[in-house]
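Read the structure below first, then the notes.
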Amino acid sequence: MADEGKEKEELTEEQQIQLLQKKNNSLKMVVTVLSGLSFILLLGVGTLAYLLSDQPEVEFATTTQTDELTNTLALQQANIEKLTAQLLLLEQQRVSSSGIPREAAIESQRDFLRLVHIMQNSMRDESRMIKGARSWYEHYNQLLNAIRQKGKDRLRELGSSEPNMSKSSPSKADNNDEFGDELF
């Protein structure tokens, strides 16, 4: 043992520096390896944490899927255009204030005008049978003419024309002051 202690003491300074450099190089190598291993371990833990997280998976569409989606989009846009046209048609067919379909409102208004026309003809025929009936005939005929005009205006608003009436029309009597059979 004493020999060993002497050998250590007998080393020259250069030998001691070389021994220290070898130990230093070994330590550097160990630290470098440990650093590399810890970096790799850290990357592995980060990757594992990312993979285990609840992030949605992003799948990229293939060309075929993209073409199918484009075709589907075009079909949907065509359907939207058709539905828009149908909606416009429905809006045109309804009467805004009453909510009654346009066709029903037109037919109702035409029936009303026919009824007024029949009433005027009946009133005219009855007034011929009664002496002195000209004054009440003229009075009520004016009222019925005003009602007929309002009905015609409503039909124009609905986009329709007046219904065809028979040849004898009370409007001919309005233009002449004479009261007789030849006017009707």
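The values are calculated or read from the model by the stated rules, or taken from the named source; none is laboratory data. Note that the structure is predicted; figures quoted are calculated from it, not measured. Backbone-built Cβ (ideal geometry, glycine too); neighbour counts: all protein chains shown. Surface accessibility is based on the protein's heavy atoms, side chains included, excluding ligands, DNA and RNA. Shrake-Rupley method; radii C 1.70, N 1.55, O 1.52, S 1.80 Å.
Taking 112, 60 and ordering them by how much accessible surface each has at a 1.4 Å probe, largest first, produces 60, 112. Amide H to amide H distances under 5 Å link residue 162 with no residue, where only residues 5 or more positions off or on other chains count and H is placed in the peptide plane.
Considering only the other residues whose Cβ falls under 13 Å of the Cβ of residue 155, what net charge follows from Lys and Arg at +1 and Asp and Glu at -1? Don't skip to the answer; put the middle values down first.
Working: positive: 102, 110, 114, 148, 150, 152, 154, 156; negative: 103, 107, 111, 153, 157, 162.
Taking every Cβ under 13 Å from that of residue 155, the sum is +2.
Please give me the summed charge of the neighbours of residue 75: other residues whose Cβ is under 15 Å from its Cβ, Lys and Arg +1, Asp and Glu -1. Local charge sum for residue 75: -2. For the pair residue 161 and residue 111, the difference between a 0.36 nm per residue extended length and the Cα-Cα distance amounts to 16.7 nm.
Across the range 154-161, rounded Karplus estimates of 3J(HN,Hα) from the backbone phi angles (6.51 cos²θ - 1.76 cosθ + 1.60, θ = phi - 60°) give 4, 5, 4, 5, 7, x, 10, 10 Hz, Gly and Pro being marked x. With Rh defined as the Kirkwood radius, the inverse of the mean 1/r over Cα pairs, the Rg/Rh of the range 41-80 is 1.39.
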